[in-house]
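Let me begin by presenting the structure, written as structure tokens, before commenting on it.
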Amino acid sequence: MAYVNNTMIVRRELLSRLAGLIKEDQLENQIDRIPVEMSPRERGAQRRCCIYKERAVLKYKLMPILGLLPEEETDELMPLADYANEARQRTAPRKEILTVVDEACTACVKVNYVVSNLCRGCVASPCKMNCPKNAITFNCNGQAQIDPKKCVNCGICKNACPYHSIVHVPVPCEEACPVGAISKDEQGVEHIDDAKCIYCGKCLNACPFGSIFEISHIIDIFKAIQAGEQVIALPAPSILGQYNYEAGKVFAAIKELGFYDVMEVAQGAMITTTNEAAELKEKLESGQSFMTTSCCPGYVQAVEKHVSNMKSYVSHTKTPMYYAAELARKKYPDAKLVFIGPCIAKRKEAMIDPNVDYVMTFEELDSFFKGFEIDIENCEPVKLTYSTPESRGFAQSGGVVEAVKAEGLAVDVRAIEVNGINKKSIGLLKAYSRGKAPGNFMEVMACEGGCIAGPSAHVDTGQGKKQLKATLESLQA
């Protein structure tokens, strides 16, 4: 799917409108007006049957942004103001990571194979003759038709048809998921199996109806800020590729949102690099054939749930977020720590990190810049704490490898890059987990291109890489 699409625009508009209400302390008073303002009567329905359906969908999309689960609704007449109040009253964010807004999801396809009008109703009927489930019949016009209740989506009919009249119609989110964690129920609504999900976020941007949402922490974050607590922002290295402004101005803009201080996660990446290099040297010298990185939480989840034989090869070194949060906790013992990045899987990692309280995505961050009307260009830049170019390079694929090599190990580092987790790379990892790999140091990133290509990034991967390179060069100048 193209990076820019209407579902993304809608999601970001919901976020920025919510941000504006938080800024003006009008959340409970005005939140119920958002669906009406975004789908006014005079404009008419744009994508759905009527404006009332559109407003209902917008209402349910606001619920996960408030940090709530739409599927737990018990009273359809309950206004958003009550949900906003409920969100403000909670003492900790929800443990769920992703949810599906069923009001938006049910419009999606329910079968994977359909017969097009290219069907000639041929006498040979290879589709019917080879169907293992007798799912194909012929209508009064002689054209084939597939019974979705019997079809098991094996694709034999598609391959057998001499006219190529049977087409595969994928369910986009299911097609994008590398581990088969999402599937439809009997009502045609997708459900995410937490026991399988690796939180890579591929489904979120693959859904053409924008029905998959993160369970946001933004209400919890700004509740703490407005209560006068010290709230510390920990932006990931990939933030350097998100804006065409000098990094000091971007960090100043973050502080204008109300954060007490900004500490780069790149500082933690320096510690990760040193520890990773030492661990690699130790394991190779002890006879282990290879070691993989552990920086990507999506990859770690994939190993835990789908490639268990790889566990012994995964580095025990902690992630840059972990070490950066340790540094922040020492400096600000009583503060709330907020990791800011493009990654959904970081929400899962934050739950088990003793120091990280909340996670905010780049998409949420930029929407709040808009909602708070913060002009990054006119911000007075703050001074950045020293971080090595290699630690900031963790933002892209190959960055961890380059950082470890820069440590000057007395071993021959033969790197392997698994650049993106998909169905094919899962199979590759399973093969490597048997103990043989074409190298001795494997970097695995769930997102193709690295963190700069995360599912909740603010800009597309190409623009992010270009901007990251420019920013790193300017910081070294």
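The values are calculated or read from the model by the stated rules, or taken from the named source; none is laboratory data. None of these values were measured; they are calculated from a predicted model. We place every Cβ from the backbone using ideal geometry, glycine too, and count neighbours over all the protein chains shown. Areas reflect the complete protein model, heavy atoms only, side chains present, ligands, DNA and RNA absent. Shrake-Rupley method; radii C 1.70, N 1.55, O 1.52, S 1.80 Å.
The packing ranking, built from the mean of other Cβ atoms within 10 Å per residue, places the peptides 21-27, 77-83, 97-103 in the order 97-103, 21-27, 77-83, highest first.
Once backbone amide H atoms are built at 1.01 Å from N, LEU98 has ILE215 as its partners under 5 Å, excluding neighbours fewer than 5 places away on the same chain.
Subtracting the Cα-Cα distance of ASP147 and GLN89 from 0.36 nm times their residue separation leaves 15.9 nm of extension gain.
Taking all protein chains as present, what is the carbon and sulfur share of the accessible area of segment 1-145, in % to the nearest whole number, probe 1.4 Å? For segment 1-145, the apolar C and S fraction of the accessible surface comes to 49 percent. Shown in residue order for segment 424-429 are the 3J(HN,Hα) couplings computed by the Karplus curve 6.51 cos²θ - 1.76 cosθ + 1.60 at θ = phi - 60°: 5, 5, 4, x, 5, 5 Hz (x for Gly and Pro).
Couplings for segment 355-362, taken from phi via the Karplus curve 6.51 cos²θ - 1.76 cosθ + 1.60 with θ = phi - 60°, read 10, 8, 8, 9, 10, 10, 8, 4 Hz in order; Gly and Pro are left as x.
Take the residue pairs LYS53/LYS150; LYS311/LYS348; LYS53/LYS370; LYS196/LYS311; LYS305/LYS346 and return only those whose Cα atoms are more than 22 Å apart.
Working: LYS53/LYS150 32 Å; LYS311/LYS348 18 Å; LYS53/LYS370 27 Å; LYS196/LYS311 16 Å; LYS305/LYS346 16 Å.
Over 22 Å Cα-Cα: LYS53/LYS150; LYS53/LYS370.
When each of the peptides 458-464, 297-303, 120-126 is scored by how many other beta carbons lie within 10 Å of its residues on average, the order from highest to lowest is 297-303, 458-464, 120-126.
Sequentially through segment 203-211, phi angles give Karplus couplings (6.51, -1.76, 1.60; θ = phi - 60°) of 5, 4, 8, 7, 5, x, 9, x, 8 Hz, Gly and Pro residues having no value and appearing as x. Expressed as a whole percent, the accessible surface of segment 152-263 that belongs to carbon and sulfur atoms is 50, based on a 1.4 Å probe. Solvent exposure of the chain, expressed per residue, is 45 Å² of accessible area, with all protein chains present and a 1.4 angstrom probe. Ignoring ligands, DNA and RNA, what percent of the 1.4 Å accessible area of segment 376-454 is carbon and sulfur? Carbon and sulfur together cover 48 percent of it. When only Cα pairs under 8 Å and 6 or more residues apart are kept, what is the percent relative contact order across the chain? That works out to 18 percent. Seen through its C-alpha gyration tensor, with square-root eigenvalues sorted a ≥ b ≥ c, segment 113-168 comes out rounded because a/c lies under 1.5.
Applying 1/(1 + (r/R0)^6) with R0 = 25 Å to the Cβ-Cβ distance of GLU24 and TYR260, what FRET efficiency is obtained, to the nearest 0.05? All intermediate terms of the calculation are to be shown ahead of the outcome.
Working: r = 21 Å, r/R0 = 0.86.
That gives a FRET efficiency of 0.70.
Using helices alone, what [θ] at 222 nm do you get for the chain, with -39,500 (n - 2.57) per DSSP H run of 4 or more residues, divided over all residues and rounded to the nearest 500? Can you show the working numbers first?
Values: 21 runs with 192 residues, N = 477.
Using -39500 (n - 2.57) per qualifying helix, the result is -11500 deg cm²/dmol.
Annotation for segment 288-321 versus segment 1-51: alpha-carbon center distance of 40 Å. Taking amide H as placed 1.01 Å from N in the peptide plane, the amide H of ASP261 sits under 5 Å from that of VAL231, ALA233, each at least 5 places away or on another chain.
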